[in-house]
1. Of all accessible surface on the range 153-266 at a 1.4 Å probe, what whole percent is carbon and sulfur?
2. With θ taken as phi - 60° and the coefficients 6.51, -1.76 and 1.60, list the Karplus ³J(HN,Hα) couplings across the range 246-253 in order, rounded to whole Hz; mark glycine and proline as x.
3. Which lysines, if any, have their Cα less than 30 Å from the Cα of Lys368, not counting same-chain residues under 8 positions apart?
4. Quick check: pseudo-label points 7 Å beyond the Cα along Cα→Cβ at Arg81 and Glu292, how many nm apart are they?
5. Aspartates and glutamates near Lys275 by alpha-carbon distance under 13 Å, same-chain residues fewer than 8 away left out - which ones?
6. How large is the Kirkwood hydrodynamic radius of the range 191-311, counting all unique pairs of alpha carbons, in Å?
7. For the residue pair Lys159 and Ala24, what label-to-label distance in nm results when each label sits 7 Å from Cα along the Cα-to-beta-carbon direction?
8. State the extension gain, in nm to one decimal, for the chain segment bounded by Arg40 and Leu212, taking 0.36 nm per residue of separation less the distance between their alpha-carbons.
Amino acid sequence: MDTERLHVKALRRLQEDFREAVAAAVGDDGGVVLADERLREILNELPDVYTLHRDILAQLEHRVRHWDENQRIADVILSKRAEFFIFTTFIGHYDRSVSLLEESCRGCPAFAAVVSQFEQSSACEGISVQHQLLRAIVRVAQYRMLLTDYLNNLRPDSKEYEDTQAAVAVVSDIADQANDSLKHGENILRLVNIEYSVRGQKDLLQPGRVFLKEGTLMKVSRNRSSQPRHLFLMNDVLLYTYPQQDGKYRLKNTLSLSGMKVTKVSSEDAQNALKMDVADISITLSASSSSEREDWFYTLTRTVVELARGPTLCTSFHREVMMCMNCTCDFSLMLRRHHCHACGRVTVCEEGAISGSLQRSKRSKHWKRLWFLLKDKVLYTYRAQEVRGNLDSP
């Protein structure tokens, strides 16, 4: 209920406050900063979306006040089944709305100033108009998770169970459209799902944030006991959580990747361990195998480097790595760096190895480009970013 109130409040800011701010602004020529028609195109179907959520909130509040008389929730969503189709248009026009917003800001500095002032207001807390419009779509995906949890706590033989299944289907169709239609839709919904699954985590969905990897490692303690810790890696932060019995996670810490140092460590208690140091926090985790540790070490190291160097060409990545991704020794005049084009790792350059790109055909006329590495009389065959296997040469 509280999240729905906050969502309706956010929609009202866009629908009413933003419109009023644009209408009240005066351009350099003394006229309006943006035509009403253009503003309607930017905001898309927001008026109908706002009305839908305002009605849902009113019905939910009424239902809670009279819960003893009618202990049902799903019928509120089902009663708005037809209105939910407005999201089909809203999602389909979202990218165009964003393009029109950016184009209008470039073409009219006065309008850009209004947008900036609105975004920096205490109510918006620096959240862009583009991102606020996106949250209107994200809310439907949150409905799917809320209703699924609700469904899991109902008796299968109840009428409410059947209605909730139908309600989940309604909002799932909308969420699937967002996944298919929006640029980076899959990543957006993944972040929404993580935020809902991790207790204590808020506002995970941020502009530019990308989900990269997740997995469970074991925490290495001084008393030799081990406890599972589940990691969610994004391109700027690492969520350090521990699993709970209901299948969700409790947030232990949000670690910034800025300035993080990742090293391989080994001891009797942890043969495949990683140590992460950032600010005044130091965490040692053990992987189940050496290959799992290598994968986490490489992914973390590369992500930290890419975050530090900012949005530059990937070809310069290897110049930023200061230590071998295999043995962690520092590069020097004698220990030179080698950037493998097959797996992407930056390692100590090894003598006596020859590598290059060739075309290969197997029992067909179809040729496929692969990366080959000849080392110690063994021919290794790779596909970009993925080790495919090795072939013993005669």
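1. Values: 2700 of 6100 Å².
Ligands and nucleic acids excluded, carbon and sulfur give 44 percent.
2. 7, x, 9, 9, 10, 5, 8, 6
3. Lys183, Lys213, Lys377
4. According to this spin-label approximation, the distance is 4.5 nm.
5. Glu294
6. Values: mean 1/r = 0.0675 Å⁻¹.
When all Cα pairs of the range 191-311 are included, the Kirkwood radius is 14.8 Å.
7. Result: 4.9 nm between the two label points.
8. Values: separation 172, 0.36 × 172 = 61.92 nm, distance 3.59 nm.
Difference between extended and current length: 58.3 nm.
The values are calculated or read from the model by the stated rules, or taken from the named source; none is laboratory data. Please read all numbers here as calculations on a predicted model, not as lab measurements. Neighbour counts run over all protein chains shown; Cβ positions are idealised from the backbone, glycine included. Quick note on the areas: whole protein, heavy atoms, side chains included, nothing else; ligands and nucleic acids left out. Shrake-Rupley method; radii C 1.70, N 1.55, O 1.52, S 1.80 Å.
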